[in-house]
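This report concerns only the one structure given below.
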């Protein structure tokens, strides 16, 4: 299997939301990619400009960072032709690698705009930005720029950033420097299209965690009432765990719990609600091993939330009493 390290450049409406096409807010104007073998060596390259159809004038901010002009783009080919050629170049056995998840989202948005066949589901990819962040013991947001990773590894900056092929090359060089262990297990699922039915739901065990991606539900409560959503099992032996901390609301979009398998130790379950445009939700649930220190941190978090709720109820009650005096 090869890794396709892909980077895209895209344009948007010059006049802002007023001129934005509802089906394609961002129009891809360049596809660049390198093909990397199992030893992280670049074995092939792909690059092509795309002649814009919707946003023919470059947005000011985008024009300021790109290394080409509208005249250069007019020499490009149609998106459908380029994308078809690119996917054929990828071959049969490959996995996409990108710096962050946005490139795959925009690729599929543009493909849908031209009614092209969709990419096979479920779609696994390697989010190298996230893998790099975890290797540096940081959050993805703090190391979001590719330039920082290149500088951290002292990779020579021989070519300018913000051309798709150059950025794909730099990303591949960062991957080579990281040499992550069990790379194939560190994949993420692309969620441009979430499961639409129970049969399409995704269950996977990878990178020392269990992951479940559900179909959509009418409400958060409907999701929480579903047995597949609220169950927490040991993903190593599939037996129910004893709940040490029951599910509780950690934030408006997440619930957390802790369970114990008497054979394989403690596990932390996390439910994340993903809202849809029609008011419905689908769920991403993960179950991971957790240390005793991690359990105590969750207990403290739960207690802090309880105290804040008590304080709010007290203030609300005091305010009600004042209104009658």
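Roughly what angle does helix 79-90 make with the longest principal axis of the chain, taking Cα atoms, 0 to 90 degrees, to the nearest 10? The two axes meet at around 80 degrees. The relative contact order of the stretch 195-257 comes to 18 percent, based on Cα pairs under 8 Å that sit 6 or more residues apart.
Taking 0.36 nm per residue of sequence separation and removing the Cα-Cα distance, the residue 276/residue 309 pair yields an extension gain of 9.1 nm.
How would you rank 90, 234, going from fewest to most other Cβ atoms within 10 Å of each one's own Cβ? Before the final figure, lay out each step's value.
Details: 90 17, 234 21.
Fewest to most other Cβ atoms nearby, the residues stand as 90, 234.
The ranking of 18, 178 from fewest to most other beta carbons within 10 Å of each one's beta carbon is 18, 178. Taking other Cβ within 10 Å of each residue's Cβ, how do 203, 5, 174 sort, fewest first? Lowest count first: 203, 174, 5. Between 99, 262, 89, the residue with the greatest mean-square fluctuation in the GNM of the chain (Cα pairs under 10 Å linked by springs) is 262. A value for Rg/Rh (Cα atoms, Kirkwood Rh) was derived from the coordinates, and within the list (1) 0.93; (2) 1.03; (3) 1.20 it appears as (2). Each part reduced to its alpha carbon centroid, the stretch 1-80 and the stretch 113-139 end up 17 Å apart. For the pair the stretch 185-230 and the stretch 260-305, the centres of their Cα atoms are 14 angstrom apart. Were the residues from residue 148 through residue 208 laid out at 0.36 nm apart, the gain over their Cα-Cα distance would be 18.8 nm. Any chance you could give the angle, 0 to 90 degrees and rounded to 10, that helix 102-113 forms with the longest Cα principal axis of the chain? With both axes taken from Cα atoms, the answer is about 70 degrees. Which of 73, 58, 87 moves most in a GNM of the chain, Cα contacts under 10 Å? Per the Cα network of the chain with a 10 Å cutoff, 87 tops the list.
Across the stretch 16-38, the residues whose backbone nitrogen lies under 15 Å from the label position 7 Å along the beta-carbon direction of residue 70 are 16. FRET efficiency for residue 134 and residue 177, Cβ-Cβ distance as r, R0 = 22 Å, nearest 0.05? Using R0 = 22 Å, I get an efficiency of 0.90. The relative contact order of the stretch 34-184 comes to 24 percent, based on Cα pairs under 8 Å that sit 6 or more residues apart.
How large is the helix-only mean residue ellipticity at 222 nm for the chain, computed as the sum of -39500 (n - 2.57) over DSSP H runs with n ≥ 4, divided by its residue count, in deg cm²/dmol to the nearest 500?
Computed mean residue ellipticity for the chain: -10000 deg cm²/dmol.
Between residue 60 and residue 105, the contour length at 0.36 nm per residue exceeds the alpha carbon distance by 13.9 nm.
Paramagnetic label reach from residue 292 (point 7 Å along Cα→Cβ; backbone nitrogen cut-off under 17 Å): within the stretch 256-271, residues 259-268. Here the Gaussian network model covers the chain, with springs between Cα atoms less than 10 Å apart; of 297, 223, 172, 297 fluctuates the most.
I need to check one value: relative contact order of the chain, counting alpha carbon pairs closer than 8 Å and at least 6 residues apart, in percent. Each step should come with its number before you reach the end.
On the way: 539 pairs, mean separation 42.3, N = 325.
Once normalised by length, the contact order is 13 percent.
None of the figures in this text is laboratory data; all of them are computed from the coordinates on show. What you are looking at is a predicted structure, and each value in this text was computed from that prediction instead of being measured. Here Cβ is always computed from backbone atoms with ideal geometry, including for glycine, and neighbour counts include all displayed protein chains.
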